[in-house]
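First the structure, in the form of structure tokens, and then the observations on it.
The values are calculated or read from the model by the stated rules, or taken from the named source; none is laboratory data. Fair warning: this is a prediction, and the values are worked out from it, not measured in the lab. Here Cβ is always computed from backbone atoms with ideal geometry, including for glycine, and neighbour counts include all displayed protein chains. Heavy atoms of the whole protein, side chains included, go into the accessibility calculation; ligands, DNA and RNA do not. Shrake-Rupley method; radii C 1.70, N 1.55, O 1.52, S 1.80 Å.
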Amino acid sequence: MKSAAFQYSRPGTVAEAIALLSAAGGSAMPISGGQSLLILMGLRLTMIDMLVDVSRLPELREIRDDRRHVFIGATITHATIEDGKIPDPSSGLMSRVASKIAYRAIRNLGTIGGSMALADPSADWPPCLIALDAEVSIAGPDGQRWEKAEDFVRGAYETSLLPAEIVLGVRIPRRKSARWGTCKVSRKSGAFADSMAVFVEASGEGPPRAALTGTTSHARLLPRVSQYAQDHSFLDVGDLRAVIIDDLAELVPDADPYQLRCHVATVSRAITEARSS
Ligand SMILES: Cc1cc2nc3c(=O)[nH]c(=O)nc-3n(C[C@H](O)[C@H](O)[C@H](O)COP(=O)(O)OP(=O)(O)OC[C@H]3O[C@@H](n4cnc5c(N)ncnc54)[C@H](O)[C@@H]3O)c2cc1C
């Protein structure tokens, strides 16, 4: 199918983009890489009157590295991160995660901000940025605000974005001694995850953080698993499995036996990879 007719505008500043979205009163949407939105429009699952193209806004292309954090503008593509063309606060984790998203043609256009704003329940950036304790920078009619990645993503295709707000970028703390692991299970190469776990720890730089996606709802921090990793430098496979199942019982009570097995496997492998690095 082809999309319904729509108007297209390319504002020159963030303020203009917000003004256009505000004036449209819910009948306009921002577009970045278009790798998800254009498909939804083509299927007529999303019907809008106007696309507000934010992909060339200079503010959304910024990279700032103040040595404590790296700020990555919303329109930075998965491929740019995969190729290591910007400073990396994650000791290689983000490049690895980017490389597993879809196919190179999609990674060339799809953006980190678009992925966060869409909040697909199986997308790769939400668990990665939650595990990295990142914050999302948001601008809207009432000014600018920051939100932790784990609070920004609220449900399947649901975020804390208010009408006419746009994502400016994400800010990720730099850790000197980070160890990480990640594991993604999908039915074929380039597909969305059935389950994906990310684990990050850095001695003396905050507690370990384990996050999971592919949960039918949204990416979540696993609090009991993170605590278990903090309390145990050596893993007991049986204890770890029990702790993962405790977290899953609370966070994904609707998971079927296949999903449960995938989640236990991805979380265990992510932690094991980090601990063996
Ligand atoms: C075949 C296929 C396989 C894929 N596989 C994966 C996968 O394995 N893992 C994965 O994570 N993703 C996957 N994707 C999704 C891909 O990563 C998309 O690029 C990404 O989800 C959206 O980024 P985008 O820049 O293209 O956003 P767009 O399609 O432009 O927009 C997506 C949504 O975000 C909103 N939006 C965009 N930018 C902003 C902004 N700055 N502020 C506020 N709202 C904004 C739009 O209004 C829209 O609602 C796949 C896509 C396809 C087509």
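Before moving on, here are some points about what is shown:
- Cβ-Cβ distance of Tyr157 and Arg68, R₀ of 35 Å, FRET efficiency by 1/(1 + (r/R0)^6): the value works out to about 0.60.
- Considering only the chain, percent of DSSP beta bridges that pair antiparallel, nearest 5: 85
- Extension gain, Arg56 to Thr13: 0.36 nm times the residue separation minus the Cα-Cα distance gives 14.6 nm.
- Alpha-carbon centroid distance for the pair region 76-109 / region 37-62, whole angstrom: 21
- Proximal lysines relative to Lys2, as straight alpha-carbon distance under 17 Å, when same-chain residues fewer than 8 apart are discounted: none
- Nearby lysines by direct alpha-carbon distance to Lys188 (threshold 25 angstrom, same-chain neighbours under 8 apart not counted): Lys100
- Karplus-based coupling profile of region 185-200, in residue order and whole Hz: 10, 9, 5, 8, 4, x, 8, 4, 6, 6, 7, 8, 10, 9, 10, 9, with θ = phi - 60° in 6.51 cos²θ - 1.76 cosθ + 1.60 and x standing for Gly or Pro.
- Within the accessible surface of region 1-117, defined with a 1.4 Å probe on protein heavy atoms only, the carbon and sulfur portion equals 55 percent.
- Nearest-20 debye value, region 150-195 charge dipole, Cβ charges on Lys, Arg, Asp, Glu: 480
- Candidate aspartates and glutamates for bridging to Lys85, where Cα separation is under 16 Å - those fewer than 8 sequence places away on the same chain excluded: Glu62, Asp65
- Here r is the Cβ-Cβ distance between Glu273 and Asp83 and R0 is 22 Å; the resulting FRET efficiency, rounded to 0.05, is 0.50.
- Solvent exposure of the chain amounts to 47 Å² per residue of accessible area, where only protein heavy atoms count and the probe is 1.4 Å.
- Extension gain, Glu250 to Ala191, is 18.6 nm, computed as 0.36 nm per intervening residue step minus the present C-alpha separation.
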